[in-house]
Structures are given as structure tokens and as C-alpha cells.
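Worksheet for the structure shown next.
The values are calculated or read from the model by the stated rules, or taken from the named source; none is laboratory data. Just so we're clear, the structure is a prediction, and the values are computed from it rather than from any experiment. So basically every Cβ, Gly included, is an ideal-geometry build from the backbone, and we count neighbours across all protein chains shown.
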Amino acid sequence: MNEVKETIGVTVIQKKHKEKKLQESEAKLVIDILDKAEKQEITGSFGEPEYEIQISRDGKKETYYAWLRGEDRRGWVQYKKAMYMLNEKDTEKLLAIFPNVSEQKEDEMQVGPLTEVTKKDLQITAFHIKAGDQNVNYMVRYTISQSLYNKLVKEQEYYLQLTFPEKVQKLIGAKESEMILGEKVKEGYKQYELHATVPIKGASESQLKSLETYYEKYDLKILNSEKEKIGVFQNIIQIVKEYGEKMNFQR
């Protein structure tokens, strides 16, 4: 007897106006990802879904709805009334396959050059320091405005650089970190992170501990694709504290 091959069809519709029928390999990948999404108990709603996913298997049709551009990079899928969460990698895979119609308005496309970045366009929301035996790891999380997002899409590359406080400079033996290529802006995300690893030699355990607890007087420099300085944020921990106070006040 001949084995009957299961027929699978997957069509993805983006916000009712862009439709894409997936190839077999893409369709299988999408089904695998949806099958392993984790069911979550949630209250509330995400609003209008970005995508409708229609799956037909041997004449039976299933409809899923997806939200893939949340700031934490993890997508959500609804099937019937249940909600499922995707991990970051699977969300990225779906975004690469699914249709993407830019919803930018005409005036947003008239983007000027990237000449200056101020606190109006960039908000630092978190700053962490972790010291190891041979190096210090820094993490800075920041949120950008739509206007800066549009400019960075056009600019393609930008750089970030940490300036160390004097007492840290002596320990590390450098005034600032290397210039680090900024995370590429994409998918409309407004939240990004800088990760800087700075080598340190011959520091005692107590010196390493003091490094982890001293957050004052670090500055963050923003540079354009030509590595020209276009913005400086001084004493970034103070900016983070003020942001936290503002968020608490708004609650």
C-alpha cells in the first residue's frame, strides 16, 4: 500500500493586508514552533494581533493569532482561547519568515541626519556591574524614541562607550571602554542593551567587590557611524534612579 502523505498548508496574514502562503519547509518550521510554545495563564489582552496564521492539515483548518514584537523579544500566540508564549529564538525565526509591511507614515520616512542624541530621545533604564577574576562585565539597558529609531535605521551603525569614574580608572588601567557597536535597531523594538566586557588584571577580591558596588560617576557616550561623539549621558546611575522614581510615581 502506498503511504498517504499528509498535506499541510500554512498561510500568514499580516493585519488583514499582506498575505503569504508558506513553502513546505517554512510551513513545517512554523508548525514545529507553534507545537512547542508554552501555555500560559494570563489575564488581560494584547489588543489587535499582528498576524493571523491559517493552518490546514488534511482538510482541517486551524486559526492562530500572533503578537511577535513585544519589547522582551518573546512572542505570544493565541489558539482558540488559550495563550502560548514563544522563546526569543523562535520568535526571531517567525519574524524572518512572516510578511512584514512597514507601517511607517510618509513624514516618518523623511529622516534627518543623526547629529545629536539627548535624553529626549534616549532613556537609560538599567545599569549593572558584575566583576569576575579577569574582567568586569557591564550592562546598560536603554529605550529610544521613534524619531531616534528612524535615524538609526538610516544610519545603520552607531557606537556606545563607557567612561569610568576616576577610582575605577586606576584599577582597570583605562579611562574608558572600547567603542562598542550598538545593537542594530529592528522590528520596531525600542529597548536595547549594551554589554561591555573590560579586562582587569591583578585586582584583589576586595577590590573586585568594591567595583561591583560602586556605580557612581560612570558616563555613557553615543557615537555615530563615523565614530564622532553625538551625545553624552553623565552619571548614568542617577538617570536610572530618576527613571525608577518616575515609574513608581506613575503607578
Selected residue (only one of ARG57, ARG73 is within 30 Å of LYS229 (Cα to Cα) and either at pLDDT 90 or above or basic (Lys, Arg) (or both)): ARG73
Among residues belonging to the stretch 17-52 that are out of contact with any strand residue (DSSP E or B) (no Cβ under 8 Å at 6 or more places or on another chain) and among the basic types (Lys, Arg), point out the one that is surrounded by the most Cβ atoms within 10 Å (Cβ to Cβ). LYS18
Which residue, of LEU171, LEU211, LEU162, LEU194, is in contact (Cβ under 8 Å) with a residue 24 or more places away in the chain, under 30 Å from GLU88 (Cβ atoms), not in a strand (DSSP E or B) and not small (Gly, Ala, Ser)? LEU211
All but one of (1) assigned to a loop (DSSP other than H, G, I, E, B); (2) over 30 Å from ALA96 (Cα atoms); (3) within 25 Å of the chain's Cα centre (by Cα) hold for VAL185; state the number of the condition that does not hold. (2)
Can you tell me which of LEU162, LEU148, LEU122, LEU114 is farther than 30 Å from LYS36 by Cβ, at pLDDT 90 or above, surrounded by 14 or more Cβ atoms within 10 Å (Cβ to Cβ) and touching a helix residue (DSSP H, G or I) at 6+ places or on another chain (Cβ under 7 Å)? LEU122
Look at ILE55 and say whether it is over 21 Å from the mean Cα position of the chain (by Cα) and surrounded by 10 or more Cβ atoms within 10 Å (Cβ to Cβ). yes
Please specify each residue of the stretch 213-224 satisfying the condition of being surrounded by 15 or more Cβ atoms within 10 Å (Cβ to Cβ) and not aromatic (Phe, Trp, Tyr). LYS217, ASP219, LEU220, LYS221, ILE222, LEU223, ASN224
Say we look at the stretch 126-159 and pick out the residues that are of a type in the set (Val, Ile, Thr) and either closer than 19 Å to GLN207 by Cα or part of a loop (DSSP other than H, G, I, E, B) (or both); which of these is nearest to the chain's Cα centre (by Cα)? ILE129
